[in-house]
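**Q** Here it is, the structure, as structure tokens.
Every number in this text was worked out from the coordinates using simple rules, so none of it is lab data. Because the structure is a prediction, the values reported are computed rather than measured. Here the Cβ is made from the backbone with ideal geometry for all residues, glycine too, and neighbour counts use every protein chain on show.
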Amino acid sequence: MTQERVLTGDRTTGRLHLGHYAGSLQNRVQLQHQYDTFIMLADVQALTTHFDRPELIREHVREVALDYLAVGIDPEHANIFIQSMIPEIAELTVFFSMFVKVNHLRHNPTIKAESRGGSFDELYYGFLGYPISQTADITFCKATIIPVGEDQLPHLESSRYIVRRFNELYGPVFPEPQALLSKFPRLIGLDGNAKMSKSLGNAIALSASSEEIALKVRKAVTDPARIHKNDPGHPERCPIYHYHQAFRADEAAEIHAACEQGTIGCTECKHRITKTLQDLLGPMRERRAAYETKRGFVDEMLQHGTERARGIARHTMEEVREVMGIQYFK
Ligand code: SF4
């Protein structure tokens, strides 16, 4: 293992689904053996969605932690921690906020897209300031490798800018984080129209039962050009093909050709992906069920991971205060 640190995580807004698995979880299972891997349960970020229903956050922290264990993240190799239990992240967010101009945030493409016609009046500050708080998430533990999708690159670019600016202003405390691009950052949803997302109702949860998987795949849209079994299809337009690509890459070329030539029917194609997904998710479901009965184990894992993160955060803040010259009573 190298000493470089990876930071990754999820907003705790509900159970994780296949989109999370393809986009990042699968990768994390490998990364945990290569780097010092920190995985953040982003309960503070989840408040940007559920600020009026905080009771959901606590429950979701646990659900996401169980999903991590289910996919094979091993607390012996990865440090799982709870964001809101690291107050130093909030402290860093405030310090960074002092030298980041609103104009810098307004130019972030993700924020621009949400601002609908350039008006920022209806945006919550937590959303506008997200690039700053993300920088605090990364820097408190001096992570250098950040797994992201292409759409998140502007956020990471902001973080790199903030790190450089801090180091120039006060002293070289933070390393510049680098992106590690995900292969399947946006798995298409069952409706074929958007990114897989629980809130859009087009997702398959990692904890879905065998029956749910079969039903959801059966109802998924396919290429509308394929009315008859031997109509030539356009696999790129079909979510089922994308699932073959993401979860059974060795068969994807064959499915692609058969769909284009009209030599495979959608029913057979769906049966094949259903079997693939059952084989993938079945063992995860079993592991999840086993951990669900071990409440003490999960609590201890989260406490231990959070304490380790907190220790590192305290040390980082000592350095930050030192270079900023705001260490009092010492
Ligand atoms: Fe989609 Fe498969 Fe039907 Fe082609 S054959 S349209 S990839 S379900």
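**Q** For Glu168 and Glu212, FRET efficiency with R0 = 56 Å and r from the beta-carbon atoms, rounded to 0.05? Don't skip to the answer; put the middle values down first.
**A** Working: r = 52 Å, r/R0 = 0.94.
Working from the Cβ atoms, E equals 0.60.
**Q** Here's something else I'd like to know. Mean shadow of the chain, computed from the convex hull of its alpha carbons, in nm²?
**A** So the Cα hull casts an average projection of 19.0 nm².
**Q** Additional query: Do any GluC sites (Glu not before Pro) in the stretch 229-271 lie in a loop, going by DSSP, with at most 10 other beta-carbon atoms within 10 Å of their beta carbon, and if so which?
**A** When the GluC sites (Glu not before Pro) of the stretch 229-271 are filtered for loop state and at most 10 Cβ neighbours within 10 Å, nothing remains.
**Q** Ok, one more. Which order do Val29, Val163 fall in if you start with the one that has the fewest other Cβ atoms within 10 Å?
**A** By the 10 Å Cβ count, ascending: Val29, Val163.
**Q** Ok, one more. For a quick check: sort Tyr161, Tyr125 by the number of other beta carbons within 10 angstrom, fewest at the front.
**A** Lowest to highest Cβ neighbour count: Tyr125, Tyr161.
**Q** Treating the angle as unsigned and between 0 and 90°, give the value, to the nearest 10°, between the Cα long axis of helix 249-261 and the longest Cα principal axis of the chain.
**A** Roughly 50 degrees, rounded to the nearest 10.
**Q** Using r as the Cβ-Cβ distance of His271 and Arg62, and R0 as 30 Å, what FRET efficiency do you calculate, to the nearest 0.05?
**A** 0.30
**Q** Taking 0.36 nm per residue of separation and subtracting the Cα-Cα distance, what length does fully extending Ser197 through His315 add?
**A** Contour length minus Cα-Cα distance gives 38.7 nm.
**Q** Now a separate question. When the helices in the chain are scored as -39500 (n - 2.57) per DSSP H run of 4 or longer and the sum is shared across all residues, what 222 nm value do you end up with, to the nearest 500 deg cm²/dmol?
**A** Working: 14 runs with 173 residues, N = 330.
That calculation yields -16500 deg cm²/dmol at 222 nm.
**Q** Decide, for the stretch 87-131, between rounded, prolate and oblate: order the square roots of the alpha carbon gyration tensor eigenvalues as a ≥ b ≥ c, take rounded if a/c falls under 1.5, and otherwise choose prolate if a/b is larger than b/c, else oblate. If you can, show how the numbers build up before the last one.
**A** Numbers: a/c = 2.69, a/b = 2.02, b/c = 1.33.
Prolate, because a/c is 1.5 or more and a/b exceeds b/c.
**Q** Would you please put 222-234, 178-190 in order of how densely packed they are, using the mean number of other Cβ atoms within 10 angstrom per residue and starting with the highest?
**A** Highest mean packing first, the order is 178-190, 222-234.
**Q** GluC sites (Glu not before Pro), restricted to the stretch 1-94: which are DSSP loop and have at most 11 other Cβ atoms within 10 Å?
**A** For GluC sites (Glu not before Pro) across the stretch 1-94 that sit outside H, G, I, E and B with at most 11 neighbouring Cβ atoms in 10 Å, the list reads Glu76.
**Q** Roughly speaking, what is the stretch gain from Gln3 to His304, that is 0.36 nm per residue apart minus the C-alpha to C-alpha distance, in nm to one decimal? Each step should come with its number before you reach the end.
**A** Working: separation 301, 0.36 × 301 = 108.36 nm, distance 1.98 nm.
Net length gain for the segment: 106.4 nm.
**Q** Could you check the spin-label model distance between Glu254 and Lys183? Points 7 Å from the Cα along Cα→Cβ, value in nm.
**A** 1.8
**Q** What ratio of Cα Rg to 2.2 N^0.38 Å holds for the stretch 210-289?
**A** Scaled against compact globular proteins, the figure is 1.12.
**Q** Rank these for me by crowding, Lys270, Lys219, going from fewest to most other beta carbons within 10 Å.
**A** Result, fewest neighbours first: Lys219, Lys270.
**Q** Same structure, new question: Which far-off residues, 5 or more places away or on another chain, put their amide H under 5 Å from the one on Leu180, with H placed in the peptide plane?
**A** Residues meeting the criterion, in which the H sits 1.01 Å from N, are Ile146, Val148.
**Q** Moving to a separate point now. Which angle between 0 and 90 degrees, to the nearest 10, do you get for helix 295-324 versus the longest principal axis of the chain when only C-alpha atoms count?
**A** Rounded to the nearest ten degrees, it is 40.
**Q** Say each of Phe51 and Arg106 gets a label point 7 Å from the Cα, pointing the same way as Cα to Cβ; how far apart are those two points in nm?
**A** Label at Phe51, label at Arg106, 2.0 nm between them.
**Q** Just grab the label-to-label distance for His234 and Arg287, each label 7 Å out from Cα along the Cβ direction, in nm (one decimal).
**A** 3.8
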